[in-house]
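The values are calculated or read from the model by the stated rules, or taken from the named source; none is laboratory data. Note that the structure is a prediction, hence the values are computed from the model and not measured. Cβ coordinates were reconstructed from backbone atoms using ideal geometry, including for glycine residues, and neighbour counts include every protein chain displayed. Accessible surface is based on the protein model in full, side chains and every heavy atom, while ligands, DNA and RNA are left aside. Shrake-Rupley method; radii C 1.70, N 1.55, O 1.52, S 1.80 Å.
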Amino acid sequence: YKSTTVFSGIQPTGVAHLGNYLGALRAWGQLSASPPQQFDHTIFSIVDLHALTAPPAPDKLREYKRISAALIIASGVDPEKCILYVQSDVSGHAELCWILSCFSDFGHLNRMTQWKSKMNLNSNSSVTDEAVENLRLGLFAYPVLQAADVLLYKATHVPVGEDQIQHLELTRHIGKRFNSSYKTKVFPLPEVLLTRTPRLMSLRDPAKKMSKSDPAEQSRIMINDSPELIRVKIKRAITDGNSSVSYDPSTRPGVANLIDMVAGLQNRTPEEVAGDVKGFSGHAELKDFVADVVTRELQPVREKFERLCRDPEYLDRVLCRGAERAGVIAQATLKEVKTTVGI
Ligand code: ADP
Ligand code: NA
């Protein structure tokens, strides 16, 4: 019998949108809630050290940490059954990150697609001196900190979206290199638990993904939007000139995006939902239906989120206890690592 540990992290970047909810938060809730408990330990981290790679204002960051805790609990994570804590409250992340950085090769990090996309700031071929001046070591080393996050708890399973698979491969690579360097098995090599959800697109431009960095606020549905605002945003969503209703993400991305939202929220396939709505008379009827579903499904999440936000003392208590429990596991791993390397 080998014990299993799930670990995942989310950056404190403010209130989540529907894409964040379907793509990450809800999966966490399902992992922690579904009886019987599938895993021995479930650990969720609000990764504020990662957030420093694009530093928000200090007061904002402090506020976002509580907001993240409220979002995670409102999404169904039970803090009694899981460990929920803030990354910087456990000093082992930064310590292990340094040790692991000594086992991480530049070439591998240089191939990370997220890093490469930041490198091509100005052109798609050569990188200008100015671009390099503005690139920070923290951004380059980000995947090593992620590896430290996961390995610090000897996680065996990591729920992530498709875009993070490459980083988890790096985590396995670093863990394996550490183990083989010292002929130990300190680190189990974690497996991906792929979160299969549709990537939601912007309501204003279905060629772009729904994102909080999009300046157009009407492009995304926020978890705490009122039912009226949800309806307005969906009513104004860009679709296409074909008044019929059909599911075809490549030629009709706007309509497909609305169907994907319903499918995601109802845990059904887009094809099933498309079957239900194909008799609709036009986009107005479709949008009314989608607004009803989104409003209904998000209502309990929004209400719980708002209730939690009114109780910061409770959130602080949860995070404090979470940090204590995470710290115990982290210290045990670090002690083992330090003994292994001789420090
Ligand atoms: P954002 O683009 O809003 O800043 P992040 O990059 O911080 O979002 O992603 C946070 C989490 O939400 C990740 O797990 C990511 O896969 C998920 N996510 C973000 N945007 C979407 C989307 N449009 N559709 C589905 N999942 C998303
Ligand atoms: Na982002």
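I'd like to check one number: the per residue accessible area of segment 242-343, probe 1.4 Å, reported in Å² as a whole number.
Numbers: 5160 Å² over 102 residues.
On a per-residue basis, segment 242-343 sits at 51 Å².
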(request) Positive end of the charge dipole of the chain (Lys, Arg +1 and Asp, Glu -1 on Cβ, about the Cα centre): tell me which of His157, Leu229, Ile174 has its Cα farthest that way. (result) Ile174
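What shape does the chain have by the C-alpha gyration tensor, where a ≥ b ≥ c are the square roots of the eigenvalues, rounded means a/c under 1.5, and otherwise prolate means a/b greater than b/c and oblate the rest?
Values: a/c = 1.93, a/b = 1.53, b/c = 1.26.
It comes out prolate by the Cα gyration axes.
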(message) Name the residue from Ala274, Ser219, Val90 whose Cα lies farthest towards the positive end of the charge dipole of the chain, charges +1 on Cβ of Lys and Arg and -1 on Cβ of Asp and Glu.
(response) Val90
(message) Can you give me the long-range amide H partners of Glu191? Hydrogens built in the peptide plane at 1.01 Å from N, cutoff under 5 Å, separation of 5 or more residues or another chain.
(response) His157, Val158
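Nearest 0.05, what FRET efficiency do Gln218 and Trp98 give at R0 = 51 Å with Cβ-Cβ as r?
On the way: r = 44 Å, r/R0 = 0.85.
Step by step, r from the Cβ atoms, then E = 0.70.
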(request) May I ask you to evaluate 6.51 cos²θ - 1.76 cosθ + 1.60, the Karplus curve with θ = phi - 60°, for each residue of segment 213-224 and list the ³J(HN,Hα) values in order in whole Hz, giving x for glycine and proline? (result) 7, 6, x, 7, 5, 6, 7, 9, 9, 8, 4, 9
(message) Suppose we keep just the alpha-carbon trace of segment 179-329; what are its Rg and Dmax in angstrom?
(response) 20.6, 67
(message) Let's see if you can work this out: charge +1 on each Lys and Arg Cβ, -1 on each Asp and Glu Cβ, no other charges. What is the dipole magnitude of the chain about its Cα centre, in debye to the nearest 20?
(response) 560 debye
(request) Classify segment 92-202 as rounded, prolate or oblate from the Cα gyration tensor: take a ≥ b ≥ c as the square roots of its eigenvalues, call it rounded if a/c is under 1.5, otherwise prolate when a/b beats b/c and oblate if not. (result) oblate
(request) For n ≥ 4 DSSP H runs only, could you compute -39500 (n - 2.57) per run for the chain, divide by its residues and tell me the 222 nm figure to the nearest 500? (result) -16000 deg cm²/dmol
(message) Going by amide H atoms built from the backbone, whose H comes under 5 Å of the H on Lys209, apart from near neighbours?
(response) Ser202
(request) For segment 52-86 and segment 8-26, compute the distance between their C-alpha centroids and round to whole Å. (result) 10 Å
(request) Roll a 1.4 angstrom probe over the protein heavy atoms and tell me the percent of accessible area of segment 63-194 that is carbon or sulfur. (result) 52 percent
(message) Rounded to the nearest 5, what % of DSSP beta bridges with both residues in the chain are antiparallel?
(response) 10 percent
(request) Report the local net charge at Leu18: Lys and Arg +1, Asp and Glu -1, summed over other residues whose C-beta lies under 12 Å from its C-beta. (result) +4
(request) Determine ³J(HN,Hα), in whole Hz, for all residues of segment 156-166 in sequence, where each value follows from phi through the Karplus function 6.51 cos²θ - 1.76 cosθ + 1.60 and θ = phi - 60°; x replaces Gly and Pro. (result) 9, 9, 10, x, 9, x, 3, 5, 9, 4, 4
(request) Return the tail of the calculated pair distribution for segment 217-306, meaning the percent of Cα-Cα pairs more than 18 Å apart. (result) 41 percent
(message) With θ taken as phi - 60° and the coefficients 6.51, -1.76 and 1.60, list the Karplus ³J(HN,Hα) couplings across segment 174-179 in order, rounded to whole Hz; mark glycine and proline as x.
(response) 5, x, 5, 5, 4, 4
